[in-house]
Amino acid sequence: MDSYYPKDFVETTEGLIFAVVTEDQEDQRILSSLRYQRTANGYKKLSTDEAETLLQNSHPQYRYYSSIRDVWLHGVHQDRIVYHHQPRLRLQEILQTEPNDQIEAKLQRLIKQLKQHGLEAGEIGVTGSMLIGAQKKSSDIDLVFYQRKAFFTAREIIKTLISTQQLQPLDETLWQDAYARRGCALSYDEYCWHENRKYNKAAIEHTKFDISLLTPDRWQDLIRYRKQGRFNIKANIVNDRHRFDYPARYTLNHPAVKEAVSYTATYAGQAIQGEQVEIQGQLEVSIAGHLRIVIGTNREASHEYIKTVSSQHH
């Protein structure tokens, strides 16, 4: 049986392409989020609203209520999958063939630069539009790392390559575009302040690229939680080891809420140990009475955020 990991894509008999959101399956369904639709002219990228409308009207069998997560998700039964798009295989394919376009050529050059500075490229994949060959001139490059050490090494290399001008920091246009795509609840200045210190984004010849981390660490995501409504707290970060993971996790020193979990990439790496943060999200309680606050209960995570309010790093 195939294993399906977050950021893999699965394609169904109807030409719908879903991004996998967790490797845990429920009722033999892969929990996912509809991103693309195959059309006569290639692929159409769908916004969250477009995806929801399409499924409600035409393919309701892919809407799935997860009792474990107490939320409606997209769920694809294994029998409906005609193709499993895998980031690691796709990256190797691009690296070993003539590039089809400028974006693939830039990806080849980027990986070459990272390797020249000591990165092992075996445990990296490419996701997003490039995973299915749906990239356009304006597309980003989305790299996914499967080992913590390689991911943190890559951040250091990116920092070095920016300082030696072999890669570029994002310019105003790319920042504005990234901010608009995210539709996040922070102001533009707050967003940029947090992002600028992460070194998980840069540009290669005016094309933005992102790196994200997926680790094999299993944790308590299988515990059943019940939503308690939106909540706003201030707390200090006492452990940030998993801040770049998917989902990102932060241990808090709050009288009641001991953990913050972010399912949206915007708030990965957002805060550092010792900082005081303000968090707005969904309060959830487990059967054992464990309270956590979750950011990113939907893809846009509008009105949900983590922001640093006082920091020795400011």
Being open to solvent by less than 50 Å² (accessible area, probe 1.4 Å) and more than 21 Å from the chain's Cα centre (by Cα) is the filter here, so list the residues in the range 27-45 that pass it.
GLY42
Out of (1) surrounded by fewer than 18 Cβ atoms within 10 Å (Cβ to Cβ); (2) in contact (Cβ under 8 Å) with a residue 12 or more places away in the chain; (3) under 20 Å from VAL21 (Cβ atoms), the odd one out for MET130 is which?
(1)
Hey, among the residues in the range 256-278 that are in a strand (DSSP E or B) and out of contact with any helix residue (DSSP H, G or I) (no Cβ under 9 Å at 6 or more places or on another chain), which one's nearest to PHE151 (Cα to Cα)?
SER262
What number of residues within the range 279-293 satisfy the criterion of being over 14 Å from ILE306 (Cα atoms), assigned to a strand (DSSP E or B) and not hydrophobic (A, V, I, L, M, F, W, C)?
2
Please go through (1) under 18 Å from the mean Cα position of the chain (by Cα); (2) surrounded by fewer than 21 Cβ atoms within 10 Å (Cβ to Cβ); (3) among the small types (Gly, Ala, Ser) for SER163 and return the number of the only condition it doesn't satisfy.
(1)
Matching residues in the range 72-126 (open to solvent by less than 90 Å² (accessible area, probe 1.4 Å) and among the hydroxyl-bearing types (Ser, Thr, Tyr)) number 1
Mind listing whichever residues of the range 259-271 are modelled with pLDDT of 95 or more and open to solvent by 40 Å² or more (accessible area, probe 1.4 Å)?
none
Here is a check on your reading of the model: is TYR65 open to solvent by 90 Å² or more (accessible area, probe 1.4 Å) and within 19 Å of ASP2 (Cα to Cα)?
no
Of the residues that make up the range 244-251, is at least one at pLDDT below 95, open to solvent by 70 Å² or more (accessible area, probe 1.4 Å), of a type in the set (D, E, K, R) and not in a strand (DSSP E or B)?
no
Which condition number in (1) under 20 Å from ASP24 (Cβ atoms); (2) not in a helix (DSSP H, G or I) is the one that ALA121 fails?
(1)
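Can you pull out every residue in the range 140-151 that is in contact (Cβ under 8 Å) with a residue 40 or more places away in the chain and of a type outside the set (A, V, I, L, M)?
Kept after step one, since they are in contact (Cβ under 8 Å) with a residue 40 or more places away in the chain, are these residues of the range 140-151: 140-148, 151.
Scanning the range 140-151 gives ASP140, ASP142, PHE145, TYR146, GLN147, ARG148, PHE151.
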Output yes when any residue across the range 69-86 is more than 23 Å from the chain's Cα centre (by Cα) and either among the β-branched types (Val, Ile, Thr) or under 21 Å from ASP142 (Cα atoms) (or both), and no when none is.
yes
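The values are calculated or read from the model by the stated rules, or taken from the named source; none is laboratory data. These numbers were taken from a predicted model, which means no experiment stands behind them. Don't worry about glycine lacking a Cβ; one is built from the backbone with ideal geometry, like all the others, and counts go over all protein chains shown. The area values use the complete protein model at the heavy-atom level, side chains included, leaving out ligands, DNA and RNA. Shrake-Rupley method; radii C 1.70, N 1.55, O 1.52, S 1.80 Å.
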